[in-house]
Amino acid sequence: MSGASAAVGASTSGAASTVGGSSAAGAVSAGGTTDAPWGVAVLAEKLRAYIDRLGQVWVEGEITQWSDRGGTVYGKLKDCDREATVSFSIWGSTRATMPADLKQGDRVIALVKPDYWLKAGSLTMQVYAMRHVGLGELLEKLERLRGTLDAEGLFRQDRKRRLPFLPSRIGLITGKDSDAEKDVLRNAQLRWPGVDFRIEYAAVQGDRTVPEVLAALRVLDADPRVQVIIIARGGGDFQNLLGFSDERLVRAVAAVTTPVVSAIGHEADRPLLDEVADLRASTPTDAAKRVVPDVTEELNQVAQARARITARVTHRVATEIDRVQALRSRPSLAGTAWIVDVRADELTRVAARGVELVHRGLDLAERRLLEARGQLRALSPVRTLDRGYAIVLDSRGAALRHAADAPDGSALTVRVADGAVEAVSRGPLPTGAERRRAQPQPAGV
C-alpha cells in the first residue's frame, strides 16, 4: 500500500507506545488478573478505547465485496499486491458524497478509521472518503505496456489469422448467465441455426478475471474441433476492463493456435486484448455476425450465382446456335449433294491418274528389263559359244588359260554351245618358232 501503509504503521506504533507505557500499566494494575479478572465487556470497552485513539489513514486496494443494505454499504478491501483483506462499512450519509459508480472490482483509495463493535466483537474500517485510484498512473503503465508489446510485433496485421468461413465449433469465454453470452448465442443461432458452441465461463471483472480467462483459453485452444474463440463482455468502465489489458492474457492470446475474436463491447478505451486479437468486434452481437455467416444471405448469393451461371450458359448456347445457323445458310452449305459429287469426281480423277501411273511404271520397268536382258546376253559366255567358240576346263573344273596347265595325258572337258565333250591332252603344241626348228633343213642350207 506504499505511502498509505507507512501512515498506518506510524499511527499504529504511536498508539501502541502509549498503551504499552503508563496507561497500559495502570490498566493492568486496576484489574485483569487471576484474582480480579475483567469481564468481557470491560475488555471490549478497553479495546474500543484503545482502537479509538488510532487516527484516520488513506489506504489503497481493490474492492472485492460490495453490499448495500438499507443505505449502508458493507464490503471488503483487498491489497493489490499481497494476500491481505480488511472489512469496511460506509454510512449512508458518507456514501452520498462518494462517486456513484463505485462497485466490486474497482481499485480505490479510501480514508478509513478502525472501529471495534462491542456487540459483535468484530473490527472493521469505517470509511469517510473513497474514490477511484488515480487513472493517470494506470493509463501511463498501460501505454508503456502497449508500446513494449507493439515493439515485439504482437500487434502486427500480418500475424493476424483469417477466421474460417463456417466454424464447425465456436469457443466462447464469457460470464455465466451474462447478457454477452445471450447476445452471442441468440444472434449466432439466428444467422446459422446449426451453429455449435463450447462455452467456458470465467469472471470478466475483478481479480479472478485473468486466471479464469487464461484457464478457459487453454481448454478451448486444446480442443481440435474449436476453430475460433470469442472472448465476450458487455462493456464496462476503464477499471473493470483492466483485466483484459493484463500482459499475461495478451501474451497468451498471441501464443494460441486458434483464431481469437475480442468482443469486450466498448469504444472509448480499447484494452490490449483488442490489439492482439485476430479480429476485434465492437459488441458481442457484432462478434456473432462476424464469426457466423447469415444462412439467408448465403442462400441468396448461391441463387444469384446460379442465375448468373444459367444466364451465361444460355447466352453462350444461343450464340453458338446463331453461328451454326449462319454457317448453314451459306450457299456452300445450302445443299449437301455437291459435297459427294465433288469428292466423287476427284476420286475418279485420282483413280484414273493412278491407273495411268501404274501402266506407265510397268512399261518403263519392262523396257528396262529387256535392256538388261540384252546386255546380260551380250556379255554372257553362252553367246560366245553360239558363235563357235568352246571353253576348255581342267580336271578341277577351272577354265584352262595356259597350255602349260594341260600336260600330256591330263583329262579335259570341252564345253560348247549345246553341251560338253571329254578329251585327253597330248601336251602343249609347239609354237611357230619351235616348229620351224623341228622341220628338216634342206641340204646345203
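Quick notes
Yes/no matrix, rows are residues, columns are (1) among the charged types (D, E, K, R); (2) under 14 Å from LEU118 (Cβ atoms); (3) open to solvent by less than 40 Å² (accessible area, probe 1.4 Å):
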site	(1), (2), (3)
ALA41	no, yes, no
LYS46	yes, yes, no
LEU54	no, no, yes
TRP58	no, no, no
THR64	no, no, no
GLY71	no, no, yes
GLY75	no, no, yes
CYS80	no, no, no
VAL86	no, no, no
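- Number of positions in segment 191-208 that are open to solvent by less than 60 Å² (accessible area, probe 1.4 Å) and among the hydroxyl-bearing types (Ser, Thr, Tyr): 0
- Matching option when the condition is of a type in the set (Phe, Trp, Tyr) and modelled with pLDDT under 90, among PHE244, PHE238: PHE238
- Subset of segment 224-248 that is out of contact with any Asp or Glu (no Cβ under 9 Å at 6 or more places or on another chain) and under 18 Å from ARG161 (Cα atoms) - its residue that is most open to solvent (accessible area, probe 1.4 Å): PRO224
- Meets criteria (assigned to a helix (DSSP H, G or I) and in contact with a Ser or Thr (Cβ under 6 Å, 6 or more places away or on another chain)) for LEU273: yes
- Candidate set from segment 100-123 (those that are free of Cβ contacts under 8 Å to residues at least 40 places away in the same chain and either surrounded by 12 or more Cβ atoms within 10 Å (Cβ to Cβ) or in contact with a Cys (Cβ under 9 Å, 6 or more places away or on another chain) (or both)); member that is farthest from GLY236 (Cα to Cα): TRP117
- Residues that are open to solvent by 60 Å² or more (accessible area, probe 1.4 Å), assigned to a helix (DSSP H, G or I) and without any contact (Cβ under 8 Å) to a residue 24 or more places away in the chain do occur in segment 172-182.
- Pair list, Cβ under 7 Å, 6 or more apart: segment 286-315 residue closer than 30 Å to ASP179 by Cβ and open to solvent by 80 Å² or more (accessible area, probe 1.4 Å), other residue among the charged types (D, E, K, R) and modelled with pLDDT under 95: LYS289/ARG191
- Residues of segment 364-374 classified as open to solvent by 70 Å² or more (accessible area, probe 1.4 Å) and either basic (Lys, Arg) or at pLDDT below 85 (or both), total: 3
- Exactly one residue among ASP207, ASP115, ASP158, ASP183 is within 30 Å of ALA44 (Cα to Cα) and of a type in the set (D, E, K, R), and that residue is ASP115.
- Checking GLY388 against (1) at negative phi; (2) open to solvent by less than 90 Å² (accessible area, probe 1.4 Å); (3) at pLDDT below 90, the condition it does not meet: (1)
- Test: residue in segment 209-223 that is hydroxyl-bearing (Ser, Thr, Tyr), surrounded by fewer than 16 Cβ atoms within 10 Å (Cβ to Cβ) and either in contact with a Lys or Arg (Cβ under 8 Å, 6 or more places away or on another chain) or in a helix (DSSP H, G or I) (or both): no
- Yes/no for ALA352 being among the small types (Gly, Ala, Ser), more than 60 Å from the chain's Cα centre (by Cα), modelled with pLDDT of 85 or more and not in a loop (DSSP other than H, G, I, E, B): yes
- With respect to (1) modelled with pLDDT of 85 or more; (2) open to solvent by less than 50 Å² (accessible area, probe 1.4 Å), the lone exception for ALA433 is condition (1).
- Looking across segment 398-420, the residues that are among the aliphatic types (A, V, I, L, M) and either part of a loop (DSSP other than H, G, I, E, B) or exposed (fewer than 15 other Cβ atoms within 10 Å of the Cβ) (or both) come down to ALA398, ALA399, LEU400, ALA403, ALA404, ALA406, ALA411, VAL414, VAL416, ALA417, ALA420.
- Which listed residue is in contact with a strand residue (DSSP E or B) (Cβ under 7 Å, 6 or more places away or on another chain), polar (S, T, N, Q) and either surrounded by 10 or more Cβ atoms within 10 Å (Cβ to Cβ) or modelled with pLDDT of 85 or more (or both), from SER380, SER425: SER425
- Members of segment 51-65 that are assigned to a loop (DSSP other than H, G, I, E, B) and among the aliphatic types (A, V, I, L, M): LEU54
The values are calculated or read from the model by the stated rules, or taken from the named source; none is laboratory data. Predicted model only: the values in this text are computed from it and were never measured. Here Cβ is always computed from backbone atoms with ideal geometry, including for glycine, and neighbour counts include all displayed protein chains. Note: accessible area is taken over every heavy atom of the protein model, side chains too, but ligands, DNA and RNA are not part of it. Shrake-Rupley method; radii C 1.70, N 1.55, O 1.52, S 1.80 Å.
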